[in-house]
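Visitor: My questions all concern the structure below.
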Amino acid sequence: MVQHQTAAGTTTPSAAGDRLVPAAIIGSHAVQHTYGQGFLVILPVVYSSLGLAPVEAGLIDTIRRLTGGISSMGGGLLVDRLQHYRALMLALALGLMGVGYFLAAAAPSYILIALAFGLATGAGSLWHPPALSILSQRFPGRRGLLIALHRASGSVGDTVGPVLVGILLRAMDWRTVLQLSIGPAVAIGGVLLVALRWVSAGPAGRGKASPGFREVFGGLAGLFRAGALPRLMAVAGLRGMADNSLLVFLPLYLSEILHLDPVMVGLHVSLLTGLGIITGPLLGGLSDRVGRKRVVLGVMGASAVLAAGMGLVGQGLGLTVLVGLMGAILYGANPILQAVAMDLAEGLRLEGSIIGLMWGNNALFAAISPLILGLLAQHFGLGVVFWYALGLYLAGTALTLTL
């Protein structure tokens, strides 16, 4: 990235650099999600091969979500304190994610497999605080759009990953698939580090020292006292619980109840996110123009209707169509809620901490969800996932009205 040195010794990004930064970050986000969403197709195969119960499958995802939440929150604080190392953090997120999946392939027991999956998810979750803080800080006038584009790139990975893993599982066992995953993750992380090696705080932070931990915690405390941030986190948490319930238990429902093969399971998981590649940026841009609350309310209400429809239909082409429609909006709310959080923190240079807090909050909410749903599924069957998601979407819609 070409930059010019100022008298103060700081760097000024060129126009070419301002194109490279978002392109590299947004593009690489697809890789991170290819791995994360591919796991959802691996999980039913692990479930069958190890003879797991629904609650044990839920526990694997709970461990993943807890490590992801801790990583997001801790990483967010470090990002704001060490802003000049954000490119290194992005590269480490990808590389260590690949290492985690490789260790899962080598693990000899259920608990070690679960912990290795937790390492992979925790490493991948380190991605979001530095990535979104750079985009938000550097391009405040296009915050909603760029965060939505970042999410849309993730949806590309969400769409490609399940189908790719489903095809690989037809040719090799799940451990071999995980072993092969380390190479691309480490290689792309290295390329990204080279591409972004000059990334600093960006225009908004030029010439300023990184805030200290006392300043970071003081700023966050002020946002909590104002009241809007806790309500926002509750809405995002309920949304994350509902989304995660579909992402984790829909593949199990398709595999165990409808007896679909891995490729068809992967196709449905891809449909669950695919249309978001197009609709996500449209919703993000719309939120910049008409207001974030209106768009979030619309997405929440539509999600509730579609979850109810999936529960009523339950199988066949109708279910496939409804899954595809849900894919248009599944991730539609969270980027906008993140943009709201960034709006609240405008000028405080807390972008990394805010994103880490939002992602950590979502992960902790989502960590509870698989255990609750696993217990419900053992008593009522895997089809309960649709009604569970419906209840959470309705609760989130009601709480959004208070924002």
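The values are calculated or read from the model by the stated rules, or taken from the named source; none is laboratory data. Because the structure is predicted, anything quoted here is derived from the model rather than measured. FYI the Cβ positions are ideal-geometry reconstructions off the backbone, even for glycines, and counts take in every protein chain you see.
Visitor: For the subset of the range 181-200 comprising residues that are in contact with a Leu (Cβ under 8 Å, 6 or more places away or on another chain) and aliphatic (A, V, I, L, M), which member is nearest to PRO44 (Cα to Cα)? Explain how you work it out, then say what you get.
Guide: Step one: of the range 181-200, the residues in contact with a Leu (Cβ under 8 Å, 6 or more places away or on another chain) are 185-186, 188-189, 192-193, 195-196.
Next cut, aliphatic (A, V, I, L, M) only: 185-186, 188, 192-193, 195-196.
Values: ALA185: 23, VAL186: 26, ILE188: 28, LEU192: 32, LEU193: 34, ALA195: 37, LEU196: 37 Å.
Only one residue tops the list, namely ALA185.
Per-residue answers, yes or no, for (1) more than 16 Å from the chain's Cα centre (by Cα); (2) polar (S, T, N, Q):
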| residue | (1), (2) |
| --- | --- |
| LEU350 | yes, no |
| ASN361 | no, yes |
| PHE365 | no, no |
| ILE372 | yes, no |
| PHE386 | yes, no |
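Visitor: Out of all the residues in the range 313-326, is one or more modelled with pLDDT of 90 or more, of a type outside the set (Phe, Trp, Tyr), within 30 Å of ALA226 (Cβ to Cβ) and under 21 Å from the mean Cα position of the chain (by Cα)?
Guide: Checked the range 313-326: no residue is modelled with pLDDT of 90 or more, of a type outside the set (Phe, Trp, Tyr), within 30 Å of ALA226 (Cβ to Cβ) and under 21 Å from the mean Cα position of the chain (by Cα).
Each row is one residue, and each column tells you yes or no for (1) at pLDDT 90 or above; (2) touching a helix residue (DSSP H, G or I) at 6+ places or on another chain (Cβ under 6 Å); (3) not small (Gly, Ala, Ser).
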{"site": "VAL248", "(1), (2), (3)": "no, yes, yes"}
{"site": "ILE257", "(1), (2), (3)": "yes, no, yes"}
{"site": "VAL263", "(1), (2), (3)": "no, yes, yes"}
{"site": "LEU306", "(1), (2), (3)": "yes, yes, yes"}
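Visitor: Give ILE147, ILE167 a once-over and let me know the one that is of a type in the set (Val, Ile, Thr) and surrounded by fewer than 24 Cβ atoms within 10 Å (Cβ to Cβ).
Guide: Exactly one residue qualifies, and that residue is ILE167.
Visitor: Looking at the range 338-354, can you tell me whether even one residue there is among the β-branched types (Val, Ile, Thr), touching a helix residue (DSSP H, G or I) at 6+ places or on another chain (Cβ under 6 Å) and under 21 Å from ASP158 (Cβ atoms)?
Guide: No: zero hits.
Visitor: Before we move on, is ALA302 closer than 23 Å to ASP158 by Cβ, at pLDDT below 85 and either within 20 Å of the chain's Cα centre (by Cα) or assigned to a helix (DSSP H, G or I) (or both)? Can you show your working first?
Guide: Working: closer than 23 Å to ASP158 by Cβ: yes; at pLDDT below 85: no; either within 20 Å of the chain's Cα centre (by Cα) or assigned to a helix (DSSP H, G or I) (or both): yes.
Judged against the criteria, ALA302 is not a match.
Visitor: Next question. Would you say GLY374 is on the phi > 0 side of the Ramachandran plot and either at pLDDT 80 or above or assigned to a loop (DSSP other than H, G, I, E, B) (or both)? Give the derivation first.
Guide: Working: on the phi > 0 side of the Ramachandran plot: no; either at pLDDT 80 or above or assigned to a loop (DSSP other than H, G, I, E, B) (or both): yes.
Against the criterion (on the phi > 0 side of the Ramachandran plot and either at pLDDT 80 or above or assigned to a loop (DSSP other than H, G, I, E, B) (or both)), GLY374 does not qualify.
Visitor: For the range 320-344, which positions are part of a loop (DSSP other than H, G, I, E, B) and either surrounded by fewer than 22 Cβ atoms within 10 Å (Cβ to Cβ) or β-branched (Val, Ile, Thr) (or both)?
Guide: ILE329
Visitor: Go through the range 370-393 residue by residue and tally those that are closer than 20 Å to GLY301 by Cβ, of a type in the set (A, V, I, L, M, F, W, C) and surrounded by fewer than 18 Cβ atoms within 10 Å (Cβ to Cβ). It would help to see each step written out before you state the result.
Guide: Within the range 370-393, the subset closer than 20 Å to GLY301 by Cβ is 385-393.
Applying the additional criterion that residues be of a type in the set (A, V, I, L, M, F, W, C) yields 385-387, 389-390, 392.
This time we only want the ones that are surrounded by fewer than 18 Cβ atoms within 10 Å (Cβ to Cβ), so: 387.
Number of matching residues: 1.
Visitor: If you go through the range 19-55 one residue at a time, how many are under 22 Å from the mean Cα position of the chain (by Cα) and without any contact (Cβ under 8 Å) to a residue 12 or more places away in the chain?
Guide: 1
Visitor: From the list VAL263, VAL269, VAL235, pick out the single residue that is touching a residue at least 24 places away in the same chain (Cβ under 8 Å), surrounded by fewer than 19 Cβ atoms within 10 Å (Cβ to Cβ) and either farther than 21 Å from LEU392 by Cβ or β-branched (Val, Ile, Thr) (or both). If you could, list the steps in order and put the result at the bottom.
Guide: Numbers: VAL269 fails: surrounded by fewer than 19 Cβ atoms within 10 Å (Cβ to Cβ); VAL235 fails: surrounded by fewer than 19 Cβ atoms within 10 Å (Cβ to Cβ).
When all the criteria are applied, what remains is VAL263.
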